Each structure stands twice: as C-alpha cells, then as structure tokens.
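The values are calculated or read from the model by the stated rules, or taken from the named source; none is laboratory data. For clarity, every value in this text was computed on a predicted model and none was experimentally measured. As a convention, Cβ positions derive from the backbone with ideal geometry for all residues, glycine included, and neighbour counts pool all protein chains shown. Keep in mind that these areas ignore ligands, DNA and RNA; they rest on the heavy atoms of the full protein, side chains included. Shrake-Rupley method; radii C 1.70, N 1.55, O 1.52, S 1.80 Å.
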Amino acid sequence: MRSARIALFALLVTGAVGLSPTAASSASPAPSAPRNAFTLSSSAFADGGVIPKVHECTSGGGSDPAKRNESPPLTWSGAPTAAKSYAIVMRDLDNSNLIHWVIYDIPATTTSLPQNVDHAYRPSVPAGARQVYYRGSASLYGYQGPCSPSTVNTYEFVVHALNQASLTNLNANSSTRTAAREIAAATIGSARITGES
C-alpha cells in the first residue's frame, strides 16, 4: 500500500512539472530572429532570369524599338547599419567581367533606383549620386545595357554598402576600373543579382 502511494505521488509530481509554465519556458530559449540578410532585387526580372529588351543596349546596330538602353529598377534591403553611401557596379560575366555601369555616392537613405536613371554624370535621381563614363560600344555616362546579340551572357548587378559618404577620389574623368577599385576598397557589405541577355 505504501509503495502504491509513493508511485501515485511521483506520478502527480511528474505531471505537475510537465504542465508547469516555468518548466516549459526554461526548457530551451526561443531562437532569436535571424538578422536580415543584405539583398538586392529588381521588379524587372528575377535573380537568374531574363533581362527584358528595354534594358538592352541601343548601340548594337539593330533597329529593334524594344531596345532602349534603360537601366533596370533595383531595390535593396538589410544593408549594414554602418553604411554611409551605396554604389552599384554591373558587369558582363561572360565577357571578361566587362563593367557596363557604375553609379556611386548614392545616399545612405536611398534603398532603390528607378528604371532609366539619367545618362548623366550627376543624374537627377537619386540626388547626389554620380556615374562613370562608359567607353565601349557606346560613349555615355551611366548605364550601358547588355550588348550580346549572338550569345546569351550573364550580367551581374552588385550593390555595395560603403564606409564613406562620398568617393572624393573619383571625378567625371575616372574610368570604370578605377571606380570599381575605389568602391571595393570602401565596401563593408554587398548583395547581388544576375540576369541573362
């Protein structure tokens, strides 16, 4: 009889502990929410998808009215909190990493670029940004779209979070390679997407 009472008591204690909110909360701490990753996206194409013709170059000799050499809209989030400005570098990964676009001194408060950023050293949007002069199949400031009529190439867009508000070593005469080096040296984080064209 005594052993039966001890067994019943042990069962009640075990049950009470199992239902105890204190025991449940101390079992294992809830995992903390993961920190937002630095990401880049475009409403014009999915990562790894096809870049629409409107973003292709107009200097290839064709007369396709769908090709307008307009930069794609880009949006980023989860950047390092220490970012003082942003820069974007676009490369043709299948053509010796040829740089097609460099825009920098993008204010730290900016998290997106609209479609068709002006082809100007100092575009109207985003205010304060500057672009490098593209020397190649076209000669212009800013974006030069995909120009690979006989092949499908992969183009990479990288947004860089920088530790400087302005890259003062660069000016209107800086080359794309010089700008890319300055950007890499000031980068504290980056995010990328690619597109096919």
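Computed quantities for the displayed model
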read-out: Per-bin percent of Cα-Cα distances, segment 69-153 [5 Å]; value: 3, 14, 25, 24, 17, 12, 5, 1, 0
read-out: Sulfur and carbon atoms: percent of accessible area, segment 105-197 [1.4 Å]; value: 48 percent
read-out: Net charge of neighbours whose Cβ lies under 9 Å from the Cβ of residue 155, counting Lys and Arg as +1 and Asp and Glu as -1; value: -3
read-out: Peptides 68-74, 169-175, 117-123 ordered by average Cβ neighbours within 10 Å, highest first; value: 68-74, 117-123, 169-175
read-out: Enclosed volume per residue, in Å³, of the convex hull spanned by Cα atoms of segment 92-197; value: 103 Å³
